[in-house]
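Accompanying notes for the structure given below.
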Amino acid sequence: SVPGSARRDWKPVADAVREEYLWAWRQYVERALGADHIKPISGGREDFFVEGHSVGLSLVEAVDTLWLMEADAEVAQAVQWIVDDLDFDIDAPFQVFETNIRVVGGLAAAYHCTGDQRLLERAEDVADRLLPAFTQSPTGLPYRYVNLATGAVSDPETNIVEIGTYIVEFGVLSQWTGDNRYYDLAKRAMRVAYDKRTELGLLPHDINAETGRWRNRQATVGPPGDSYYEYLWDGFRLFGDPELKQWYDTLTGAILSEQAERHDGMLWFPQVDAFTGEVLSREQSVLAGFYAGLLAESGHVAEGRAYHDAFTAVQERFGVIPTSVDYSTMTATRVDTALRPEFADSALMLWLATGDEVFRERARTHFENMVATSKTTYGFASLTDVTAEPPSQEDTCPGYWWSEQMKYYWLLFSDTPRLDYRDNYLSTEANLLRGARR
Ligand SMILES: O=C1NC[C@H](CO)[C@@H](O)[C@@H]1O
Ligand SMILES: [Ca+2]
């Protein structure tokens, strides 16, 4: 039922992924239950959003991954913790973008997989606490922070990712609750930025939420531009909104004609001046690797393949892709890397779009190299230097590890009956919002 022929037996790899994940889950439960992060070297606890106010982030991010792995006892334990112990009435400023993609999205995915109404109620509760960031804004571009208890908003110095990565999570809430406020607020913010595109059809990435004025000239498909483009396409795919597709096609056409560059026979996307098209930087963030998958999903399969080929060259050179490289010299401009999932994200998207086994091979290497370099006493650790022998580790594990690369590997290798491989949707945080087969 999956695309392409299973020419080799991937089950051993799928079993290894599930074994590593459930081992890491047991360490988290025993040592850091309820913490945003486990500290994988020391076994300690770490807050992500606000010091002293963990919201069980890694647990919230793990629910749908556990469910897809048929770890149903672990799912039940996680849901029980959410119902008993997760309270968003916190008098502190939370980052609106990160809270949406990780917490609203994680709870929405948990609801989609389990059907437990209490999880939808929690998703609505935290989403409602984010709305003042939109409704208090004179332009409709949301502020970056909101106090979850008081609704006080702050920091208008934002970017297109943080004003434009909501329509998926807000859209399914509108669909599931019948309240269109969520969708309308999310789409309005995207429209404001789109309407300010330059003559070339490109977007700078920094903008002021109070004045609506651009704060810089640089366009990028990496952070903080990436998921604005992703969510235009995803919003069209999930909700069929033709305007979102028109905006996506216009901006993507400009990116492919004005920004794409061939270098040493490989396809790259330098940062350019959005007004003139002048190349500003040939630095490529590992986060930009998601774009290979987005291009393939949205009909630009050749470009998507070519961009993944480029990042495969980086993986082959460094073993683990560094936070950023200069592709004109193939040197790392930052040697650290925080367990970033994007290469595996686009490998899954390209495999689903083409059925080509090469993407499973590439993802297998990504998994094996991650285990070899990041696995430590109580879990998996970010790296401070991928070029060191052996690569040096940092005592932290990001929340997205629990939602992203381990889920991408599992879906690539397991052929799980819990996913509709022909019609599914994973958010930018890999939250499953369509395609769960209960
Ligand atoms: O869209 C995102 N950006 C950064 C993280 C992964 O690198 C994660 O939160 C998500 O994939
Ligand atoms: Ca992402």
Subject >> Helix-only mean residue ellipticity at 222 nm for the chain, each DSSP H run of n ≥ 4 adding -39500 (n - 2.57), per residue, nearest 500 >> reply: -14500 deg cm²/dmol
Original post:
At what distance in angstrom do the alpha carbon centres of region 163-238 and region 67-87 lie from each other?
Top reply: 32 Å
**OP:** Please report how far the C-alpha centroid of region 336-373 lies from that of region 16-56, rounded to the nearest whole angstrom.
**Re:** 23 Å
Subject >> Cα-based shape type of region 256-411, given that a ≥ b ≥ c are square roots of the gyration tensor eigenvalues and the cut on a/c is 1.5 >> reply: oblate
**OP:** Calculate one ³J(HN,Hα) per residue across region 376-382 by plugging θ = phi - 60° into the Karplus curve 6.51 cos²θ - 1.76 cosθ + 1.60, and present them in order as whole Hz with x for glycine and proline.
**Re:** 8, 3, 10, x, 10, 10, 4
**OP:** Mean Kyte-Doolittle of at least -0.5 plus a Cα span of 15 Å or more along the axis: flag which DSSP H helices in the chain meet both, please.
**Re:** 57-68, 72-85, 301-318, 342-354
**OP:** For D179 and D336, compute 0.36 nm times the residue count separating them, minus their Cα-Cα distance, and round to one decimal in nm.
**Re:** 52.2 nm
**OP:** Assign one of three labels to the chain, namely rounded, prolate or oblate, based on the Cα gyration tensor with a ≥ b ≥ c the square roots of its eigenvalues; rounded applies when a/c is under 1.5, prolate when it is not and a/b is larger than b/c, and oblate otherwise.
**Re:** rounded
**OP:** Would you mind calculating the gained length between A152 and V358 on full extension (0.36 nm times residue separation, minus the Cα-Cα distance), in nm to one decimal?
**Re:** 69.2 nm
Subject >> Partners for K39 among aspartates and glutamates (Cα-Cα distance below 14 Å; same-chain residues under 8 apart left out) >> reply: E30, D47, E394, D395
Original post:
Considering only protein heavy atoms, what per residue accessible area in square angstrom results for the chain with a 1.4 angstrom probe?
Top reply: 35 Å²
**OP:** May I ask you to give the percent of accessible area on the chain that is carbon plus sulfur, with a probe radius of 1.4 Å?
**Re:** 44 percent
Subject >> Residues listed by number, region 375-411, amide nitrogen under 16 Å from V29 label point at 7 Å toward C-beta >> reply: 379
Original post:
What residue among T333, L287, L119 has its Cα farthest toward the positive end of the dipole of the chain, where the charges are +1 on Lys, Arg and -1 on Asp, Glu, each on the Cβ?
Top reply: L287
Original post:
For T211 and V83 in the same chain, what is the full-extension length gain: residue separation times 0.36 nm, less their Cα-Cα distance, in nm?
Top reply: 42.0 nm
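Can you give the longest stretch of the chain with no exposed loop site, where a site means GluC sites (Glu not before Pro) in a DSSP loop (not H, G, I, E or B) with at most 16 other C-beta atoms within 10 Å?
Free of exposed loop sites, the longest segment is 71-198.
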Original post:
Zone of S42 (label point 7 Å along Cα→Cβ, backbone N under 12 Å): which residues in region 394-438?
Top reply: 395-396
Original post:
Which far-off residues, 5 or more places away or on another chain, put their amide H under 5 Å from the one on S281, with H placed in the peptide plane?
Top reply: Q271
**OP:** List the trypsin sites (Lys or Arg not before Pro) within region 349-424 that fall in a DSSP loop (any state other than H, G, I, E or B) and whose Cβ has at most 11 other Cβ atoms within 10 Å.
**Re:** R422
Original post:
Expressed in nm², what is the orientationally averaged projection area of the convex hull enclosing the Cα positions of region 80-229?
Top reply: 8.9 nm²
Original post:
Non-local amide H neighbours of R434 (under 5 Å, H modeled in plane, Pro and chain starts lacking H): which ones?
Top reply: Y425
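The values are calculated or read from the model by the stated rules, or taken from the named source; none is laboratory data. This one's a predicted model, so the numbers in the text were calculated from it and none came from an experiment. Cβ sites come from the backbone with ideal geometry, for glycine too, and all protein chains shown count toward neighbours. The area values use the complete protein model at the heavy-atom level, side chains included, leaving out ligands, DNA and RNA. Shrake-Rupley method; radii C 1.70, N 1.55, O 1.52, S 1.80 Å.
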